[in-house]
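Since the structure comes first, as structure tokens, the remarks are kept for the end.
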Amino acid sequence: MEKKEKILAGSLLLLLICLFLGISYAAFKFTGSGTKVNTITTGSISMSFAESDNIISIDKALPTTDNTGAKSIANGDYFEFSVITNITGNSYINYEISLDKIDEQSTLENEYVKVYLTRLNSDGTESIIMPDIVNDIHGISNVPTYQEELDANSITGRPAGEMSLYKTTASTSGELITKYRLRIFVAENYNPQGDGGDLTFNARVNVYGKNEASIGPLLKEYNASDTELSQTDFHANKYKSNITSIVTKGDTIVPDTKIESWDLSTANDGSVVAYIEDDGLSSSTYKLTIGGAGKIIANQTMNSYFANFSKLTSIDLSYLDTSLVNDMSYMFSNCNMLSTLDLSKFNTSRVTDMSYMFNNCSSLNNLNIASFDTSKVINMASMFNNCSSLSNLPLTNFKTLNVKDMSYMFNECHNLTNLDVSSFDTSKVIDMDMMFYNCTNLTELNLASFETLEVTNMGSMFNKCSNITTLDLSSFNTNKVTDMYMMFANTPKLTSVLVSDNWVTTNADTRDMFTNSGVSDVTKN
């Protein structure tokens, strides 16, 4: 029996429910019985989703900004659906949501069709899940246009020729409902007068998935956005904020000294356990131990797993096998009392998201990430944001050829005296907003390898780098940059900025670009 047939036979059920229409379908690949279509019609006054004969349509739509289109909550302006997984045994599913354009029914060019997918949380808020989306003080931007993938995804089963919206892994035992919200709108640079309007774009929403059997004790997924679910183990508020140490071990023995314990295995078979003990420091602080049968296989999604442990001072993850992990975003975020973190045994060869991984680890002064394989990482936004105690950060092994977001990456790392980013490949990076903001102790930066042809945001990139004297940006191409606001502001010792003929500011916001800087303009080589 083939893998797909095994899934449909009952080892794992993937459902996509159309909440908008109130109809559900059980399928490995969901296409709304092949008739559900998203339609955009351009050239008129308003935008709305309309329900008619299983067709979702944006009718009579004018161009709109990313921030307006992505935040619209008017009735009918979005399409909601849910992916329901029901997992039994020691298994997990890799699934992918995609959009499939119907060519014969589409006349609007792909470059004018904006596609925005979010995850809907239990409290009604939305989480940004698509890569590259920017959400800052200026609002939501960088919403992608429709673009088909050239290659198929063998991990999820998605074929080539569709737009990948979101990839994730589900491993929570039992039924798990994940809600999504999709908006499609016309890009603001579309001119309906140019072609008379009344063009259409039609596409189906598809979900593809494959299940895998886990070899060994797989750690249960933690969903920080699900308030109710996140309170069922040591992540509960009464423990999280009072845990001072975390250790891992290679057995599942729970001692009599435990205060509370949990089965954290995806199979619910006790192959991964965790328990809380008194740490001996006070009556209200604890030691957490996580154990597995031989080792602990980390979940594919480790998002926020150790985040917000505000009293944590030591952590030993020697028995944690991370070879399956693809999401490490926010993993240690806000562990602001942790001074040493040894991740030398981490296998990160599958990781695509490291955004906010060490965010606000403000006491961290010893970080061992020498073994990190970052060749598949797409998002490094705020990765070291406010790691204000780090004086040295060796990154010469970092491969960044697939990274698209480096915004806030070293923001507020004001204790760094040395930062070697000379090996960085930035050819795919779109956002460098506040990348080196307030790195006050840096005296030099070698940016000769920086290729910035795709970058759109350089706002405050070097703002408050108050000890840098020279910046050689000869490799920079700023043709697509729209934000240079305060780019070199508050750099009193900066006396020279060297650029090439590819330095273009025509389309950029250059307000306060050199405010309180030692240089008033750039010098072209």
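The values are calculated or read from the model by the stated rules, or taken from the named source; none is laboratory data. Please read these numbers as outputs of a predicted model, since none were measured by experiment. Cβ atoms come from the backbone with ideal geometry, glycine included; neighbour counts cover every protein chain shown. Areas reflect the complete protein model, heavy atoms only, side chains present, ligands, DNA and RNA absent. Shrake-Rupley method; radii C 1.70, N 1.55, O 1.52, S 1.80 Å.
The HN-Hα couplings worked out from phi for the range 366-373 by the Karplus form 6.51 cos²θ - 1.76 cosθ + 1.60 (θ = phi - 60°) are 9, 10, 9, 10, 4, 8, 4, 9 Hz, whole numbers, x standing for Gly and Pro. Determine the share of the range 373-477's accessible area contributed by carbon and sulfur atoms, expressed in whole percent, with a 1.4 angstrom probe. Of all accessible area on the range 373-477, carbon and sulfur atoms account for 44 percent.
Each other residue within a Cβ distance under 15 Å of Ser282 adds +1 if Lys or Arg and -1 if Asp or Glu, for a net charge of 0.
Using the Cβ-Cβ distance between Asp103 and Ala160 with R0 set to 22 Å, the FRET efficiency works out to roughly 0.95. The aspartates and glutamates whose alpha-carbon is closer than 13 Å to the alpha-carbon of Lys258, local same-chain residues fewer than 8 away aside, are Glu277, Asp278, Asp279. Take the Cα of Lys238, step 7 Å toward its Cβ, do the same at Asp151, and the gap between the two points is 5.0 nm. When the C-alpha to C-alpha distance is required to be over 25 Å, the pairs from Lys179/Lys238; Lys249/Lys404; Lys71/Lys311; Lys71/Lys220; Lys210/Lys376; Lys179/Lys311 that qualify are Lys179/Lys238; Lys249/Lys404; Lys71/Lys311; Lys71/Lys220; Lys179/Lys311.
Before I look further, what does the range 229-304 give for accessible area per residue, probe 1.4 Å, in whole square angstrom? Spell out each step's value before the answer.
Working: 2970 Å² over 76 residues.
Heavy-atom accessible area per residue stands at 39 Å².
How high is the FRET efficiency between Asn507 and Ser375 when r is their beta carbon distance and R₀ equals 35 Å, given to the nearest 0.05? Calculated value: 0.60. Rounded to whole numbers, the Karplus 3J(HN,Hα) couplings from phi for the range 146-163 are 5, 8, 7, 6, 7, 10, 6, 10, 6, 6, 9, x, 5, x, 6, x, 10, 8 Hz, using 6.51 cos²θ - 1.76 cosθ + 1.60 with θ = phi - 60°, and x at Gly and Pro.
You can think of it this way: the chain between Glu451 and Ala293 has 52.2 nm of extra reach, that is 0.36 nm per residue less the Cα-Cα gap.
The string of couplings for the range 455-463 from the Karplus curve (6.51, -1.76, 1.60, θ = phi - 60°) is 5, 10, 10, 10, x, 6, 4, 10, 4 Hz, one whole number per residue in order, with x for Gly and Pro. Normalised by the number of residues in the range 296-447, the mean separation of alpha-carbon contacts (under 8 Å, six or more apart) gives a relative contact order of 17 percent.
Excluding ligands, DNA and RNA, what is the solvent-accessible area per residue of the range 453-513 at a probe of 1.4 Å, expressed in Å²? Each step should come with its number before you reach the end.
Values: 2360 Å² over 61 residues.
Value returned for the range 453-513: 39 Å² of accessible area per residue.
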